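I have placed the structure first, in the form of structure tokens, so that the comments after it can refer back to it.
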Amino acid sequence: EGEGEGVDAVVRLSKGDMRRALNLVQTMSMSGKRVTAAEVYACTGQTAPGRVREVLKTLLNAPFAECIGELERAQNENGFALVDLLQDLHAELKRVALPSEVRCELLSTMADLENNLSAHSTEKLQLGGLVGCFAIARKHIVEQAA
């Protein structure tokens, strides 16, 4: 049995692929769990949208060391991979009001980070890069506002 938000989560995570959606629903059914948003995200290991918004808020507002600590804690507690978080942040950045230059620079740097993760770098190093690019973005936002 599925709940509205759970079904929405299946649709979002399957990205239009009916086989993927059916596999996810079947997995949920076999585990005996209800198809709730929380269970769907837990089952897939994906970061829930609310958590992505929290991470983005932290990246846009908190000092560097606090961001690193929060993201490492979130990774340990929620078990998400940085590459998945980068993709989710990319989608969330489209909804946030930012100066065009800042948004472009963030997206470009995030694409580089994702490429680095797929090729030859560690998550810890790229996590620092992610926090660093947001620290630079905050600096540019403040400079533009002045």
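Structure values in brief
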quantity: Selection of GluC sites (Glu not before Pro), the stretch 2-57, meeting DSSP coil and at most 16 other Cβ within 10 Å; calculated: 3
quantity: Net length gained if the chain between residue 7 and residue 96 were fully extended (0.36 nm per residue, minus Cα distance); calculated: 29.5 nm
quantity: The chain, relative contact order [Cα under 8 Å, separation at least 6], %; calculated: 21
quantity: For a label point 7 Å along the Cα-to-beta-carbon line of residue 136, residues of the stretch 95-117 with backbone N under 20 Å; calculated: 98-117
quantity: Loop trypsin sites (Lys or Arg not before Pro), the stretch 1-47, which have at most 11 other Cβ atoms in a 10 Å radius of their Cβ (DSSP); calculated: 15
quantity: Stokes-Einstein D in µm²/s, Kirkwood radius over Cα pairs - the stretch 1-132 at 4 °C with 1.567 mPa s viscosity; calculated: 81
quantity: Dipole-positive endmost among 83, 121, 109 within the stretch 78-146 (Cβ charges, Cα centre); calculated: 109
quantity: Net dipole in debye of the stretch 1-121 [+1 Lys, Arg Cβ; -1 Asp, Glu Cβ; about Cα centre; nearest 20]; calculated: 320
quantity: The stretch 1-75, relative contact order in percent, only Cα pairs under 8 angstrom and at least six apart counted; calculated: 29
quantity: Simple spin-label estimate for residue 18 and residue 65 in nanometres, 7 Å along Cα-Cβ; calculated: 5.5
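None of the figures in this text is laboratory data; all of them are computed from the coordinates on show. Since this is a predicted model, take the numbers as computed values, not measurements. All Cβ positions, glycine included, derive from the backbone under ideal geometry; neighbour counts span all protein chains shown.
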